[in-house]
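The structure under discussion appears below in the form of structure tokens.
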Amino acid sequence: MIVAKFGGTSVGDAAAIDRAAAIIAERLPRQPLVVVSALGGATNALIAMAEQAASGQLILAIRGVEALRERHLKVANELLGGDATEVIAELSATFDELAALAEALSVLGHATPRSLDAIAAKGELLSSELVVAAFCARGIPSVLVDPGSVMITSEQFGKAEPLTDRIAQRAGEVIRPLLAQGRVPIIGGFVGATEHGITTTLGRGGSDYSASLLGAAMGAEAIEIWTDVDGMLTADPRVVPDARLIERIRFDEASELASFGAKVLHPSTIAPAVRLGIPVAILNSRRPEGRGTFIAFDAPRRPVTAIAGKEGVTVVKVRSPRMLLAHGFLARIFEIFDRHRTSVDVVATSEISVSLTIDDARHLESLVVDLSQLGDVSVERNRGIVALVGAGLGADSEAMARALGALKDTKIHMLSLSSSGINLTMLVDAEQVTSAMRQLHAAFFPAGAAS
């Protein structure tokens, strides 16, 4: 069996759902389990509605609910025509419930993480109802599966932790019999429930994560992520217009690129598949005949597979003579970052100082206060990161030399080769990220050269 996940743009309107149906119809012999996201933008609209209601803007929130209702009913009518009556009634009942929730939040005056999860989850539940109805109308024997009956999680609302053993058990009880009957289970991604049936969500990238978790639970032969791009590229095409498709990439490289902001994939998506060696394919639902990107253990081990970059990086420097020959100093620094729930990307040390980069500066003020107890703290804003990513990079000094040569006119504030040797990270001024990425891409993927 396979898992096929369709993102928000791949179920965003009637035409997109039609394309998804055609894709699944071709895959029926492979016993597909279908995971769907909310219609593109619906989750953000639902959260905005909840926040508006909680802040006393009930009329604005209700307008948001009605706009979403109109959008979903329009898709239902376009997909089903005169046969849409039943699904329209089901969708309308959900929107009535959303309106009631908005009124309740308006009275309470605040939205808890639990209530936000209950509202945000409606997007996937609505889209999965639409997809089931559309697939059945097109001769695909589909059945709706409540994600809360399978995706069992902790009670950490907003970013719940999946309970993998329980998910495997429930998937065997709920999904496997449906596949054995020749039916296509359709389940909303992103959404789960506690052991007591309280709705939760998996956080950012949650639908991809759901697909990977279910693929692992079912021992799938492959996980297909259907999106609106051709796959993973050698660079962000918005920055490097001549970026090329990467047809095969290793798990560790894909995860590394995702951590640097590759929008096509969330890092958490990879983890469950990696553990069981399940290959993941990134495919374009608008061009299903395309080759896409295949993520697997046996992909080529290249010195440089792709160029990554991101702006909005902040550097925190701690200088203290107490570091000299002292043990435990770095541990105390990282304990402070952990306490403030701030991840560190790049670290460089000297005898009496340590520099760390972060891309989430929400807790910077309190971080500086606590770090100041250890030494003198300075902060550099408006920095950016460019990186070479390749499984064979650490063993190829020529590639690293070529990278520095390509950036000979760029000021590099910090240089770091990861412990695994999979990425070479360079800290530059934020306004130089674009030019640095283009220079590196030209050096490693020159125009006219073979892919």
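The values are calculated or read from the model by the stated rules, or taken from the named source; none is laboratory data. The structure presented is a predicted model; accordingly, all values stated were derived computationally and were not measured. Quick reminder, even Gly has a Cβ in these numbers, built from the backbone with ideal geometry, and neighbours come from all protein chains shown. To get the accessible areas, we keep the full protein, side chains included, count just its heavy atoms, and leave off ligands, DNA and RNA. Shrake-Rupley method; radii C 1.70, N 1.55, O 1.52, S 1.80 Å.
Taken over the range 369-393, the criterion of being open to solvent by 40 Å² or more (accessible area, probe 1.4 Å) and either within 30 Å of F297 (Cβ to Cβ) or assigned to a helix (DSSP H, G or I) (or both) is satisfied by V369 alone. Applying the set (1) open to solvent by 30 Å² or more (accessible area, probe 1.4 Å); (2) more than 25 Å from L213 (Cβ to Cβ); (3) within 28 Å of the chain's Cα centre (by Cα); (4) hydrophobic (A, V, I, L, M, F, W, C) to I47 leaves exactly one unmet item: (2). Per the listing R170, R166, the residue uniquely over 22 Å from G8 (Cα atoms), in contact with a Ser or Thr (Cβ under 7 Å, 6 or more places away or on another chain) and at pLDDT 95 or above is R170. In a residue-by-residue description of the range 434-451, the property of being more than 17 Å from E311 (Cβ to Cβ), open to solvent by less than 60 Å² (accessible area, probe 1.4 Å), at pLDDT 90 or above and in contact with a Phe, Trp or Tyr (Cβ under 8 Å, 6 or more places away or on another chain) applies to no position.
When each of G82, G41 is tested for being closer than 25 Å to G206 by Cβ, modelled with pLDDT under 95 and small (G, A, S), the lone residue that passes is G41.
Quick one: count up the residues across the range 226-246 that are within 17 Å of V386 (Cβ to Cβ) and of a type in the set (K, R). The total comes to 1. Would you please name the residue that is most open to solvent (accessible area, probe 1.4 Å), looking only at residues in the range 411-432 that are within 23 Å of S350 (Cα to Cα) and of a type in the set (S, T, N, Q)? Selected residue: S419.
Scanning the range 31-40 turns up no residue that is at negative phi and in a helix (DSSP H, G or I). In this structure, S397 does not satisfy being polar (S, T, N, Q) and modelled with pLDDT of 90 or more. Might you let me know whether the range 66-75 holds any residue that is closer than 23 Å to V191 by Cβ, surrounded by fewer than 17 Cβ atoms within 10 Å (Cβ to Cβ) and in contact with a Phe, Trp or Tyr (Cβ under 7 Å, 6 or more places away or on another chain)? For the range 66-75, residues closer than 23 Å to V191 by Cβ, surrounded by fewer than 17 Cβ atoms within 10 Å (Cβ to Cβ) and in contact with a Phe, Trp or Tyr (Cβ under 7 Å, 6 or more places away or on another chain): absent. Being surrounded by 20 or more Cβ atoms within 10 Å (Cβ to Cβ) and out of contact with any helix residue (DSSP H, G or I) (no Cβ under 9 Å at 6 or more places or on another chain): is that true of G148 here? Yes: the conditions hold for G148.
Take A306 and decide whether it is over 23 Å from E380 (Cβ atoms), at pLDDT 90 or above and among the small types (G, A, S). Answer is yes for this residue.
Per-residue answers, yes or no, for (1) surrounded by fewer than 19 Cβ atoms within 10 Å (Cβ to Cβ); (2) in contact with a helix residue (DSSP H, G or I) (Cβ under 8 Å, 6 or more places away or on another chain); (3) in a helix (DSSP H, G or I); (4) without any contact (Cβ under 8 Å) to a residue 40 or more places away in the chain:
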{"site": "R302", "(1), (2), (3), (4)": "no, no, no, no"}
{"site": "A308", "(1), (2), (3), (4)": "no, yes, no, no"}
{"site": "V318", "(1), (2), (3), (4)": "no, yes, no, no"}
{"site": "R332", "(1), (2), (3), (4)": "yes, no, yes, no"}
{"site": "R341", "(1), (2), (3), (4)": "yes, no, no, yes"}
{"site": "E351", "(1), (2), (3), (4)": "yes, yes, no, yes"}
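Sub-7 Å Cβ pairs linking a first residue in the range 358-374 that is farther than 11 Å from H340 by Cα to a second residue that is among the acidic types (D, E) and open to solvent by 30 Å² or more (accessible area, probe 1.4 Å), at least 6 apart or interchain, are I358/D345; D359/D345, ordered by first then second residue.
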